[in-house]
């Protein structure tokens, strides 16, 4: 597995780099047969160190975890423990992921935009939003179950995906009551 280790305004030394590589390979290797790559980013917020880990799995899914602690090693250990919990929870599904699939997960690059909030402005002259940034977002083709698993692995509140059943755009999201909501506009009667 290729591991990229970064520090935001922090010097990541060789001892920490070796520690991260050794423990991350061991932890992810227990649950995923062929992880492709990982990105580990360390930063400091106030008096705490923050470690963000993102692992791209061979199944096409991504797992993300974050850890916070007063010590940089403890922040990494917290993030790895969360990552292991996620991967352990989905181990069987991750290994069986390709059995029902003939092709790997397809991801389309679609345009996404950042809009100005309008909170600072007076009454707008038009209802057209002001675009302040334009970028590309990947929208994966998944089943609903895979989308829920991807959303939970990535720690996201919302996931937009193309449904493998009919190819239409769907959304899964975490509801306030803790359940998962699924929006399928195709089912409008």
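What follows draws every value from the coordinates through simple rules; no lab data is involved. Model, not experiment: these values are computed from the prediction. Backbone-built Cβ (ideal geometry, glycine too); neighbour counts: all protein chains shown.
Counted by neighbouring Cβ atoms within 10 Å, the residues 127, 115, 61, 83 run from fewest to most as 127, 115, 61, 83. Take the stretch 2-95, drop everything but the C-alpha atoms, weight them equally and run the Debye formula without solvent; then report log10 I(q)/I(0) at 0.16, 0.19 Å⁻¹ to two decimals. Results for the stretch 2-95 at q = 0.16, 0.19 Å⁻¹ read -0.59, -0.81. Cβ crowding within 10 Å, taken as a proxy for footprinting-reagent exposure, orders 1, 135 from fewest neighbours to most as 135, 1.
Would you compute, from DSSP H runs of 4+ residues alone, the mean residue ellipticity of the chain at 222 nm, taking -39500 (n - 2.57) per run and dividing by the full residue count, rounded to the nearest 500? Before the final figure, lay out the partial values.
Values: 4 runs with 52 residues, N = 189.
Here the helix-only value at 222 nm equals -8500 deg cm²/dmol.
At full extension, residue 108 and residue 45 could sit 19.2 nm farther apart than now, given 0.36 nm per residue minus the alpha carbon distance.
Mind sorting 77, 106 by how few other Cβ atoms lie within 10 Å of their own Cβ, fewest first?
Values: 77 17, 106 13.
Going from sparsest to densest Cβ surroundings: 106, 77.
Computed over the chain, the quotient of the alpha carbon radius of gyration and 2.2 N^0.38 Å is 1.20.
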